[in-house]
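These notes concern the structure reproduced below.
The values are calculated or read from the model by the stated rules, or taken from the named source; none is laboratory data. Not measured: the values here are computed from a predicted model. Cβ sites come from the backbone with ideal geometry, for glycine too, and all protein chains shown count toward neighbours. These area figures cover heavy atoms from the full protein model, side chains too; ligands, DNA and RNA do not enter into them. Shrake-Rupley method; radii C 1.70, N 1.55, O 1.52, S 1.80 Å.
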Amino acid sequence: MPDADARPRSSAVPFGILLVAVVLVSVNLRPGASSPGPVLEEVREGLGMSAGVAGAMTGLPGLCFGLVGALAVGFARRVGMTAAIAIGLTAATVGLLLRVATDDVPVFLLFTLVALAGMAVGNVLVPAWIKAHGHAVVLMTVYGTGLVVGGTVGSLVTAPVTEASGSWKTGLGMWGLMVALALPLWGWLALRERRSPAEHDVSGEAAPSGRIAHSPTAVALTVLFGVQSMHAYVQFGWLPQIYRDAGISASSAGALQALLSSVGIAGALVMPTIIARSRGLHALMIAFGVMLALGYAGLLVAPATVPWLWALLLGLSGLAFPTAIALITARTRHPSVTAQLSGFVQPIGYALAAIGPFVVGLIHEATGDWQLVIVLLALTSVPLTLAGLRVASPTYVDDEI
């Protein structure tokens, strides 16, 4: 297979700075979304939030990542790609800090939207930013790993901090301080880009002019990303509650969710290299679908018997996520096409994902148990596998459009 970095861009920014920048942004794009799940019950009680509103809140990450992500590429063309990411990080910081300063449900949800909107900009633009600066395999490895680590830490730490401090506001608010650590470096990079925009201009280069929607690989990658993202955000929002309803403590439920997320760290570390060197990923895609179905089957029949096994299986199936993220750069040659593909796959995929947590909340409230929810989630292993098989072969979106 041709190297995914066949047409690398040289960057005047030292590699060490690029590496630190990617670490800082990647680890902060998930905790704001994954942290409410383990303390959802405490948030509901503290704010007087209904089950329906809580269900809608668990769907907000996917909804915001979809709607705002669709605007991110156009926003970057106006202000610059690096500046857009820096602005997104600023919005995430403000939203995460201010949402815990209120006891009003609408205001809490408003600032949650602000924070998620900021994260959405980073979701779409960082892969294209990496492609534009070169070192794509290494930096995408770091980026994918950082996403998983951030989601894992958000799940693992929030409930214990909440219990130790006696306040869910402390457990959620600390993630705003974490995002703030990324602002100085990304602000400096944005100012640097503004002084020499030609050095970082992706959209100005000649690139294939066809529409991304005409690429079968892009469409299949969107389905793969959307189905897996739906599972990720259902698991962020509801898996701890499924475990708690089975008699498991809040901290243990958060730890099980963190186990699920942490399995993805190993996958994120190796998937970009595997994709770059492999002639096909068919066996992996089939394995993702099988493990997804088995994990939910375990939750259905014996959720508290060997809960770590079901979390492990769902975590292994979740390696489809770092795979899909890595494929955004691996299935494109030109940075401009990477930006277009990321701006197509992630917004549509997250829009699909937003439906899942909301529907899960409605079905659970209507039925009073988790059985129908889990069966329906298990059945989605079929489209995930089929879409995965379509993108398993080494093809380039540039050629298809």
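For the range 327-401, the fraction of alpha-carbon pairs lying more than 17 Å apart is 59 percent, rounded to a whole number.
In the full protein context, the chain carries 36 Å² of accessible surface per residue, based on a 1.4 Å probe and ignoring ligands, DNA and RNA. Computed in the context of the full set of protein chains, the accessible area of the chain at 1.4 Å probe radius has 69% of its extent on carbon or sulfur.
By a 1.4 Å probe calculation restricted to protein chains, Val227 has an accessible surface near 20 Å², given to the nearest 10. With contributions of -39500 (n - 2.57) from each DSSP H run of at least four residues, the per-residue ellipticity at 222 nm computed over the chain stands at -26500 deg cm²/dmol. A simple charge model with +1 on the Cβ of Lys and Arg, -1 on the Cβ of Asp and Glu and nothing else charged puts the dipole of the chain at about 900 debye relative to its Cα centre. When the surface is traced with a 1.4 Å probe over the full set of protein chains, His364 keeps roughly 40 Å² accessible. Largest first, the residues Ser262, Ser155 sort by 1.4 Å accessible area into Ser262, Ser155. Computed with every protein chain present, the accessible area of Asp398 is close to 20 Å² [probe 1.4 Å].
Would the range 261-368 count as rounded, prolate or oblate if I go by the C-alpha gyration tensor, calling it rounded below 1.5 in a/c and otherwise prolate when a/b exceeds b/c, oblate otherwise? Because a/c hits 1.5 or more and a/b fails to exceed b/c, the range 261-368 counts as oblate. Between Ser249 and Ile286, the contour length at 0.36 nm per residue exceeds the Cα-Cα span by 10.0 nm.
Along the chain, counting only trypsin sites (Lys or Arg not before Pro) with a DSSP assignment other than H, G, I, E or B and at most 15 other Cβ atoms inside a 10 Å radius, the longest segment between sites is 1-210.
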